[in-house]
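Working notes, structure below.
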Amino acid sequence: MRDFSSFVPVVEQDPTDPAFVENPYPFYRHLRAQGDVVFWKDYGFPVATTLETVRQVMKHPHLGRAVPKALRPTARPELAAFDKLEQHSLLEIEPPDHTRIRKLAMQAFAGPKIAGIAIPISQLADQLIDALPEGPFDLIEAYAKPLAARSITAFLGVSQDHAARLQTWSNAMVAMYQARRNADVERQAEAAAGEFADFMRGIIAERRKVPQNDFISQLVAFQRSGDLSEEELLSTAILLLNAGHEATAHTLGNAVPLLLDFTGRVEALAPGSIAGTVEECLRFRPPLHLFTRQVYQPVTVAGVPLQPGNTIGCLLASACRDDAVWPDGEKFDPFRIQHRHTAFGVGLHSCLGAALARLELQIGLPVLFARCPDLTIVEPPRVANLYHFHGYEAMQVTVRQAPPPST
Ligand code: HEM
């Protein structure tokens with residue numbers, strides 16, 4: 001571990017400490033007071049804490065997500081299926097491959113296709129609410145997770161019947177990025193990667209025979225024209241399904257107590273203000289707190305000299321509360337004039353699905369509160385003890401339903 005103590009303050013905080021995971025914001029405030037960059041001893045790398053520094057790191061051409069080949073751990077046969085998918089994932093590659101694949105994925109994600117999914121998302125939200133019991137029941141399982149999972153499957157063109165299975169595979173794979181990775185997590189991720197890949201190969205073969213007007217058919221067309229390899233097609237489709245629901249489900253869950261406690265809730269959820277409200281929910285309680293960047297060439301960030309082989313962290317959730325940008329940033333205010341936050345990341349790897357995620361939240365939250373005007377949280381919700389994915393494990397609520405508005 002390189003010694004950064006002569007450049008930046010050193011801080012210690014166990015990222016698996018439940019009290020910290022429940023509310024990491026006092027720690028983030030403490031970090032920002034120490035400096036734009038501090039050394040987080042438990043992780044063994046420096047982290048950027050403020051908005052401008054996080055933006056600088058994420059946009060810097062000498063820094064990237066992919067771990068240089070020489071520093072990658074030796075391939076382990078027991079993780080072969082997982083590694084194979086990772087190898088071509090947008091999140092694990094850099095230009096020029098990243099530029100080529102991302103451009104194709106963006107084309108398949110074009111604006112009209114996102115707008116076209118709005119009606120199916122509101123129908124999904126209504127269907128899920130129709131099926132809610134009065135409670136108590138877990139709103140995360142009954143609404144937030146299925147809405148996010150079914151929206152992304154609908155968008156990609158995978159049948160809703162598979163949403164639950166995809167969610168299980170995806171959860172097992174995403175667990176590999178959490179602070180609690182262990183042999184058990186690895187075994188489950190490997191099994192999930194193999195089954196997910198087989199399932200996806202089947203869908204791709206079907207779309208090859210009978211193309212549809214969906215994201216996967218579009219990727220199949222790119223593969224046919226030679227712009228995308230078979231493995232890249234598979235990895236991209238699986239990444240979209242994985243990345244496409246966990247973070248959105250957590251954001252939806254995170255927003256519920258914030259909105260319940262907010263006195264101007266009805267106005268905040270009205271059509272003219274919902275876009276700003278969703279941005280404030282993302283800024284105030286983002287679902288993803290920490291990402292890392294690898295150093296490819298020497299660079300100095302906020303006075304800290306970084307060398308090839310070093311890692312630097314970006315604390316997105318701390319940047320979202322930067323006092324220099326939002327002087328009253330510790331207050332949840334859907335009506336504030338928004339400044340660009342970092343919940344979706346910045347630069348080359350910034351969120352490809354941000355427009356879809358925003359749409360799901362802009363539909364899913366107003367429908368929930370309009371159809372369940374008496375929504376009440378009956379037990380303090382538990383934050384899942386998984387630093388990195390900040391969201392509720394469960395949220396016990398009761399509801400009294402209003403019928404859907406007649407169209
Ligand atoms: C509220 C919901 C979401 C949040 C907060 C979120 C956040 C993020 C963040 C912070 C990154 C950047 C990671 C980095 O730079 O290291 C990212 C990347 C990505 N996200 Fe999202 N995301 C959300 C929803 C979605 C959805 C719905 C999809 C797909 C439909 C998606 C697909 C992706 C993909 C493919 C990448 C990788 C992009 C690349 O490497 O070029 N995300 N997301």
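The values are calculated or read from the model by the stated rules, or taken from the named source; none is laboratory data. It should be emphasised that the depicted structure is a prediction, and the values quoted were computed from it without experimental measurement. Cβ placement follows ideal geometry from the backbone for every residue including glycine, while neighbour counts extend to all protein chains displayed. Areas reflect the complete protein model, heavy atoms only, side chains present, ligands, DNA and RNA absent. Shrake-Rupley method; radii C 1.70, N 1.55, O 1.52, S 1.80 Å.
Quick one: in the range 78-102, which of the residues that are more than 20 Å from the chain's Cα centre (by Cα) and open to solvent by 90 Å² or more (accessible area, probe 1.4 Å) is farthest from the ligand (Cβ to nearest atom)? Per the stated criteria, the residue is Glu78. In this structure, does Thr248 turn out to be of a type in the set (Ser, Thr, Tyr), out of contact with any Cys (no Cβ under 8 Å at 6 or more places or on another chain), within 12 Å of the ligand (Cβ to nearest atom) and assigned to a helix (DSSP H, G or I)? The answer is yes for Thr248.
Okay, residues lined up against (1) within 13 Å of the ligand (Cβ to nearest atom); (2) at pLDDT 85 or above; (3) closer than 28 Å to Leu128 by Cα:
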residue: Ala148; (1), (2), (3): yes, yes, yes
residue: Phe155; (1), (2), (3): yes, yes, yes
residue: Val158; (1), (2), (3): yes, yes, yes
residue: Trp169; (1), (2), (3): no, yes, yes
residue: Met173; (1), (2), (3): no, yes, yes
residue: Val185; (1), (2), (3): no, yes, no
residue: Ala193; (1), (2), (3): no, yes, no
residue: Phe199; (1), (2), (3): no, yes, yes
residue: Glu206; (1), (2), (3): no, yes, no
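Here Pro46 passes the criteria (1) within 16 Å of the ligand (Cβ to nearest atom); (2) surrounded by 13 or more Cβ atoms within 10 Å (Cβ to Cβ) except the one numbered (1). Summed over the range 252-306, the residues that are of a type in the set (S, T, N, Q), open to solvent by 10 Å² or more (accessible area, probe 1.4 Å) and in contact (Cβ under 8 Å) with a residue 24 or more places away in the chain give a count of 4. Against the definition (touching a residue at least 12 places away in the same chain (Cβ under 8 Å), within 14 Å of the ligand (Cβ to nearest atom) and assigned to a helix (DSSP H, G or I)), how does Arg55 come out, yes or no? Taking the combined requirement at face value, the residue satisfies it. Being open to solvent by 10 Å² or more (accessible area, probe 1.4 Å), modelled with pLDDT under 95 and more than 16 Å from the ligand (Cβ to nearest atom) is true of Asp17. Selection within the range 62-77: residues that are more than 14 Å from the ligand (Cβ to nearest atom) and surrounded by 12 or more Cβ atoms within 10 Å (Cβ to Cβ). The member of this set that is modelled with the lowest pLDDT is Pro68.
Looking across the range 221-245, the residues that are near the ligand (Cβ under 9 Å from one of its atoms) and either open to solvent by 50 Å² or more (accessible area, probe 1.4 Å) or not in a helix (DSSP H, G or I) (or both) come down to Ala243, Gly244, His245. Please pick out the residue among Gln401, Gln396 that is away from the ligand (no atom under 16 Å from the Cβ) and touching a strand residue (DSSP E or B) at 6+ places or on another chain (Cβ under 8 Å). Only one candidate qualifies: Gln396.
Checking Ala355, Ala370, Ala343 one by one, the residue that is within 7 Å of the ligand (Cβ to nearest atom) and in contact (Cβ under 8 Å) with a residue 12 or more places away in the chain is Ala343 and no other. Per this entry, Ile129 is counted among residues that are at pLDDT 95 or above, part of a helix (DSSP H, G or I), open to solvent by less than 10 Å² (accessible area, probe 1.4 Å) and of a type in the set (A, V, I, L, M, F, W, C). So, in the range 158-190, of the ones that are within 21 Å of Leu359 (Cα to Cα) and open to solvent by 20 Å² or more (accessible area, probe 1.4 Å), which residue ends up nearest to the chain's Cα centre (by Cα)? Within the range 158-190, the match that is nearest to the chain's Cα centre (by Cα) is Gln167.
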